[in-house]
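Asker: Mind looking over this structure? Questions follow.
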Amino acid sequence: MRESSRPRFKKLWHRAPGQKDRRMPEKPLLDRLAELYPESNRTRFRQWIKAGRITVDGAIITDPRSPVTEKSDVRLGNAQAAGREAIRGGRIVYEDKDLIVIDKEAGILTVPAPGVRKEQSLLGSLERYLRRPPFIVHRLDRDTSGLVVFAKTEQAQQTLQKDWNTNVEERIYLALVEGELSESRGTLRSYLKENRAQKVYVTEDADGALAILHYTVLRSGRFSLVQIELETGRKNQIRAQFEDLGHPVAGDAKYGATTDPLRRLALHAHTIRFRHPITGATLAFESPTPRGFETAE
């Protein structure tokens, strides 16, 4: 996420000498949170406040008894604090009453697959955390790490999914691919299909799904670190298109890789920028580059 300086605490009220006190009725921050988020409980609110995840009029407030009014701008989802909270399979980087954004670890399913219990997936971890099922917006492959967005309401889910490619303004991945690319930057535009073995492949048939991405080489060598901006978001798009280019993602045996320097699929969802489905505000998040991506040889 874009970093910002820690806001200074603001006084909730200032009255000049001789001015009448026209304050609205005040109530403790804890009570106001209970009104705003009735689906949660006071124990969790206290934890959020103590962790610095609540702001009032732009200031981080850590006292549950702090006075607020109905006009106070009370927000949940302070990025610096939320990033500290871990769940099984990832960590929370943002949360409000409509959305939750997770930095997913490699090796965990976003949603359960056949033969996999829900509690072994990120979806199951979130359901335990929220105490109710979240709504799926999009997915990352099991072995891909990085940012994934879930909705907390059906309205938020439907708004985001209705036109995902328009609502999402930027999606950037990092990939460690085999070999040295001949061009330092380029665009891959191709059609994709999926075979019976559930492998996606590039085809010349125009009835396939159009897939477009733009790449920039950040480091070259036996392995090249590539920054990838998606224009479309097809299943296994990056893996299939870079296999077709002759530079499969390292650690991706399914898509032609013969090396595994990081002992994982070397693909990471690094940045996402999208419009909030309810408020329309632009949200931007960035996940740190995983260990080994910049140093593999």
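The numbers here are math on the coordinates, done by the rules we state, and not lab data. What you see is a predicted model, and the numbers here were worked out from it, not measured in a lab. A quick note on method: Cβ atoms are made from the backbone with ideal geometry, for glycine too, and the neighbour counts reach across all protein chains shown.
Asker: In terms of the Cα gyration tensor, with a ≥ b ≥ c the square roots of its eigenvalues, is region 166-297 rounded because a/c is under 1.5, prolate because a/b exceeds b/c, or oblate? Don't skip to the end; give the middle numbers.
Answerer: Numbers: a/c = 1.79, a/b = 1.15, b/c = 1.56.
Oblate is the answer for region 166-297, as a/c is 1.5 or above yet b/c matches or exceeds a/b.
Asker: Do any of LYS27/LYS162; LYS71/LYS162; LYS50/LYS118; LYS104/LYS152 go past 29 Å between their Cα atoms, and which?
Answerer: Exceeds cut-off: LYS27/LYS162; LYS71/LYS162; LYS50/LYS118.
Asker: Within 10 Å of each residue's Cβ, count the other Cβ atoms and sort LYS152, LYS118, LYS97, LYS162 from fewest upward.
Answerer: Fewest to most other Cβ atoms nearby, the residues stand as LYS162, LYS118, LYS97, LYS152.
Asker: For region 217-269, how big is Rg over Rh, using alpha carbon atoms and the Kirkwood form of Rh? All intermediate terms of the calculation are to be shown ahead of the outcome.
Answerer: On the way: Rg = 10.7 Å, Rh = 11.5 Å.
Result: Rg/Rh = 0.93.
Asker: Would you please name the GluC sites (Glu not before Pro) within region 196-294 that are DSSP coil residues with at most 10 other C-beta atoms within 10 Å of their C-beta?
Answerer: Filter output for region 196-294: GLU204.
Asker: Among ILE228, ILE87, what is the fewest-to-most ranking by other Cβ atoms within 10 Å?
Answerer: Result, fewest neighbours first: ILE87, ILE228.
Asker: Please sort by residue number the trypsin sites (Lys or Arg not before Pro) in region 179-220 whose DSSP state is loop and whose Cβ has at most 14 other Cβ atoms within 10 Å. Before the final figure, lay out the partial values.
Answerer: Details: sites: ARG185, ARG189, LYS193, ARG196, LYS199, ARG219; in loops: ARG196, LYS199.
For trypsin sites (Lys or Arg not before Pro) across region 179-220 that sit outside H, G, I, E and B with at most 14 neighbouring Cβ atoms in 10 Å, the list reads ARG196, LYS199.
Asker: Return the calculated 222 nm mean residue ellipticity for the chain, to the nearest 500 deg cm²/dmol, obtained by summing -39500 (n - 2.57) across DSSP H runs with n ≥ 4 and dividing by the residue count.
Answerer: -4500 deg cm²/dmol
Asker: I've got another one for you. Over the alpha carbons of the chain, what is the largest minus smallest coordinate on each principal axis, giving the biggest first in Å?
Answerer: Sorted largest first, the three principal extents are 76, 40, 35 Å.
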